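Participant: Next up is a structure, given as structure tokens.
Read-outs: derived from the displayed coordinates by stated rules, not from any lab. Worth saying up front: this structure is predicted, and the values here are computed from it rather than measured. Because the Cβ atoms are built from the backbone with ideal geometry, glycine has one as well, and the counts that use them run over all protein chains shown.
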Amino acid sequence: MSDQMPSPTAARLYSLDALRGFDMFWIMGAEEIVHYAHNILDSSFLAAFSNQLTHPEWNGFAFYDLIFPLFLFIAGVASPYSLGRELALGKSKATVSLRIAKRAFILILLGLVVNQGIHIIPIAEIRFGSVLGRIGLAYLFANLIFIYTRREWMNYVWFAGLLIGYYLLLKFNAAPGFPAGDLTQAGNFASYLDRLIMPGKLYLGNHDPEGLASTIPAISTGILGILVGNYLKNNTSDGNTKAIRLALIGVAFIAVGWIWNFDFPINKNLWSSSFVMHVGGLSMLLLAFFYYFIDVRGYKNWAFFFKVIGMNSILIYISGRFINWEYTTKGLFGWVGELIGDPFNIVIMAILFVTVKWVFLHGLYKMKIFLKV
């Protein structure tokens, strides 16, 4: 999309922090507000909205499936601004690579903490696959590819090659006893590989949605984010043009994902290649929207709520292991729920649950305290 080496002067994107916050908003409690409201109110809109905030059992797509890959995509977009700045200021690739590896290692450890907490248990009882672990591994390999690839077009080759290679791997192989190309939970080749090579336990027994094999296409999600970030940072076109191009490419990605879906179903559990294209397109559309209205047009006030969340996204994600948010919310506002009474008290308490978290994050934001991995 642009020259490989980034400029050291490009400013941080406000829209990127806001979009990250928008992404995290749904899993820090907002989805429960919608579910509870749907249970109370007879509304076709709320019913459809609630369904979109629930993962499909296997094949298919719902908005809730976008949250994880969007976060990884955003991490990739940020790389040319953070790591690119270090390279442009003269740090060696080896030094920057070490920083990338350290960050990946910390994310993997935090993923284990989110899964099991902090205590010693037998390896057989540990679930090693995790959301943060996948982000760490995909972030690691995507950035190493970006840093050490001399020509930018080779990044596109890596992006497509990983997706096509993963497709071929699953298309012409399967678990023993299943026909080649079987994509069921028990029969697909990615889950079979995880059963062979991953220590500990898998999340679903015979399958882990954050397994090692399905991390291969997740690297492409990270590469896509890096390429988009490099384009926004270094391309000399005006902001309007960048936003329009990004949106159009996003639509094209969605179309490819839908077409590929006929042969290789959109499936978050497998992080299928069609899934990468589909969520990649949606991620670009969302980024184009946020970038246009926030960074190009300058409408920032409405996005401050999300930026506060986005600046401490990892912290709020892991906080449930250290802070009993439900206890805190009930302790502060239990009387509000009692005052309102059934059936709307549960919705109000869900809103207050999110509010307590946001106020906590806002306090950290005002004090400039950010968890940086």
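Participant: Could you check the range 51-85 and list, in sequence order, the residues that are without any contact (Cβ under 8 Å) to a residue 24 or more places away in the chain and hydroxyl-bearing (Ser, Thr, Tyr)?
Facilitator: Thr54, Ser82
Participant: Oh, and also: Of all the residues that make up the range 153-184, how many are surrounded by 16 or more Cβ atoms within 10 Å (Cβ to Cβ) and either in contact with a strand residue (DSSP E or B) (Cβ under 6 Å, 6 or more places away or on another chain) or not in a helix (DSSP H, G or I) (or both)?
Facilitator: Of the residues in the range 153-184, 6 are surrounded by 16 or more Cβ atoms within 10 Å (Cβ to Cβ) and either in contact with a strand residue (DSSP E or B) (Cβ under 6 Å, 6 or more places away or on another chain) or not in a helix (DSSP H, G or I) (or both).
Participant: Out of (1) within 22 Å of Gly280 (Cβ to Cβ); (2) of a type in the set (A, V, I, L, M); (3) outside any helix (DSSP H, G or I), the odd one out for Leu83 is which?
Facilitator: Result: Leu83 passes all but (3).
Participant: Considering every residue within the range 335-344, establish whether at least one is in contact (Cβ under 8 Å) with a residue 24 or more places away in the chain, surrounded by 12 or more Cβ atoms within 10 Å (Cβ to Cβ), out of contact with any strand residue (DSSP E or B) (no Cβ under 9 Å at 6 or more places or on another chain) and assigned to a helix (DSSP H, G or I).
Facilitator: For the range 335-344, residues in contact (Cβ under 8 Å) with a residue 24 or more places away in the chain, surrounded by 12 or more Cβ atoms within 10 Å (Cβ to Cβ), out of contact with any strand residue (DSSP E or B) (no Cβ under 9 Å at 6 or more places or on another chain) and assigned to a helix (DSSP H, G or I): absent.
Participant: Using the structure shown, decide if Asp208 is acidic (Asp, Glu), within 26 Å of Phe128 (Cα to Cα), free of Cβ contacts under 8 Å to residues at least 12 places away in the same chain and not in a helix (DSSP H, G or I).
Facilitator: For Asp208, the condition - acidic (Asp, Glu), within 26 Å of Phe128 (Cα to Cα), free of Cβ contacts under 8 Å to residues at least 12 places away in the same chain and not in a helix (DSSP H, G or I) - is not met.
Participant: Follow-up question, since we're still on this one. Specify the residue that is surrounded by the most Cβ atoms within 10 Å (Cβ to Cβ); the eligible residues are those in the range 262-283 that are farther than 13 Å from His207 by Cβ and among the aromatic types (Phe, Trp, Tyr).
Facilitator: Step by step, filter the range 262-283, then rank; the result is Phe275.
Participant: Looking at Ala288, Ala247, which one is farther than 30 Å from Tyr192 by Cα, out of contact with any Ser or Thr (no Cβ under 7 Å at 6 or more places or on another chain) and crowded, with 22+ Cβ neighbours inside 10 Å?
Facilitator: Ala288
Participant: May I ask you to list the residues in the range 318-333 that are without any contact (Cβ under 8 Å) to a residue 24 or more places away in the chain and touching a helix residue (DSSP H, G or I) at 6+ places or on another chain (Cβ under 7 Å)?
Facilitator: Phe333 - this is the single residue of the range 318-333 that is without any contact (Cβ under 8 Å) to a residue 24 or more places away in the chain and touching a helix residue (DSSP H, G or I) at 6+ places or on another chain (Cβ under 7 Å).
Participant: Counting just the residues of the range 301-351 that are over 23 Å from the mean Cα position of the chain (by Cα) and β-branched (Val, Ile, Thr), which one comes out nearest to Phe73 (Cα to Cα)?
Facilitator: Ile351
Participant: Using beta carbons and a limit of 7 Å, which pairs, at least six apart or on different chains, have the first residue in the range 22-50 and in contact (Cβ under 8 Å) with a residue 60 or more places away in the chain and the second one surrounded by fewer than 18 Cβ atoms within 10 Å (Cβ to Cβ) and outside any helix (DSSP H, G or I)?
Facilitator: Cβ pairs passing all conditions: Ile40/Pro343; Ile40/Phe344.
Participant: In the range 121-152, what residues are within 24 Å of the chain's Cα centre (by Cα), of a type in the set (Lys, Arg) and in a loop (DSSP other than H, G, I, E, B)?
Facilitator: Within the range 121-152, Arg127 is the sole residue that qualifies.
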